[in-house]
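Below is one structure, written out as structure tokens; comments come after it.
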């Protein structure tokens, strides 16, 4: 039993209420059966939709679980994509007057957010989780620390042997020894900081690393360790960045092979375009703003905003609201993000609404958005 059809007050030609005749019963049962079929179909469609959503979220959860440092990323990006798209639908701004979405289109918008990183299943874990420059399956800085300790030990042995020989001035020996230890300590402190990869590295710092790598007599660092340490910004080499970028092409390839229903036809385009830039310098296709749909541009912005404010990344500190908006404003000026969409993101209050949902209280500071509009 899925429903009841009740008919009351059958009437004769004079308008008097009478019982339904046996001849009328088949006529009544015909539309009743059609209503039952329609209702059953709706229930089947709702079940299929629920199954599809659950499967999509299962994939997204598996991707996030693969790395303990990006847990929740695939859960937050759909929300942050949907909010500015809804704001664009409701906006009276001339830039968005021609943009509107049907109910089915709105339902489609968060789906690519759940699937935008599905290509990461092909990315090695040591790359996605690389928190320092010379980390592989472990942080090799500890091996470098051991080499420096050996240098300290060797310096101590040489110093004590010369002191025991009584053929040199003890004060001069100690001064030279202390200076050598201080230089080693300073080099080590510099390498520890360089390994973090939090700030852009200057040319002078790169030259200093090359000098340290060369060592005295024997290298203090391997060639590969030295190559990684001179990364100018971040923790990834250009080869590792290629590996990180490759999942975008894989994501598109995987999603285009799925037989999405008609109302999900844009999922591959939206999900696969979140690393594109408005100036055409993004990847994997190098599309320009006019070639990217508004939901895809919203997801590109969402991916950046989420990454900047996320507090679960080992290689960076979570940004405050003011820091994040300032960075995104600079990205607007360099044609990295959509300028009109970023303005809407600010004026509609979406940036703050998301912050109240997902950011830590200490990250939420005051932002004068008037400095970043236009």
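Miscellaneous remarks
- Relative to the longest principal axis of the Cα atoms of the chain, the long axis of helix 141-165 lies at roughly 10 degrees.
- Among 74, 89, a tally of other beta-carbon atoms within 10 Å of each Cβ gives an order, fewest to most, of 89, 74.
- Euclidean distance between Cα centres, the stretch 321-367 to the stretch 158-218, Å: 44
- In the stretch 198-321, Cα pairs under 8 Å separated by at least six residues give a relative contact order of 16 percent.
- For peptides 354-363, 160-169, 263-272, sequence by mean Cβ density within 10 Å, most packed first: 263-272, 354-363, 160-169
- Helix 170-196 vs. the chain, principal-axis angle (Cα, 0 to 90°, nearest 10): 10
- Förster radius 41 Å - calculated FRET efficiency between residue 285 and residue 44 (Cβ-Cβ, nearest 0.05): 0.65
- Estimated from helices alone, the mean residue ellipticity of the chain at 222 nm is -19000 deg cm²/dmol (sum of -39500 (n - 2.57) over DSSP H runs with n ≥ 4, per residue).
- Gained length - residue 4 relative to residue 100, 0.36 nm times residue gap less alpha-carbon distance: 30.7 nm
- Packing, as the average of other Cβ atoms within 10 Å across residues, places the peptides 183-195, 335-347 in the order 335-347, 183-195, highest first.
- Compared with the alpha-carbon gap, the fully stretched path from residue 241 to residue 161 is longer by 23.9 nm at 0.36 nm per residue.
- The stretch 90-154-the stretch 1-48 distance, computed between alpha-carbon centres (Å): 56
- With Cα atoms, 0 to 90° folded angle of helix 238-256 axis to the chain main axis: 10
- Packing-based exposure ordering (other Cβ within 10 Å, fewest first) of 137, 28, 231: 137, 28, 231
- Relative contact order %, the stretch 141-235, counting alpha carbon pairs below 8 Å whose residues are six or more apart: 29
- Protection proxy ranking, peptides 117-125, 234-242, average beta carbon neighbours within 10 Å, highest first: 117-125, 234-242
- Length-normalised contact order for the chain - Cα pairs under 8 Å, 6+ apart - percent: 17
- With the simple model of a label 7 Å out from the Cα in the direction of the Cβ, residue 356 to residue 196 spans 3.4 nm.
- Fully extended contour minus Cα-Cα distance, from residue 260 to residue 232, at 0.36 nm per residue: 5.9 nm
- Structure-derived Cα extents along the principal axes in Å: which label, when the choices are (1) 56, 43, 40; (2) 136, 45, 38; (3) 61, 53, 36: (2)
Read-outs throughout are calculated quantities, based only on the coordinates presented, and are distinct from any laboratory measurement. On a predicted model such as this, the values are computed, not experimentally measured, just so you know. Cβ atoms come from the backbone with ideal geometry, glycine included; neighbour counts cover every protein chain shown.
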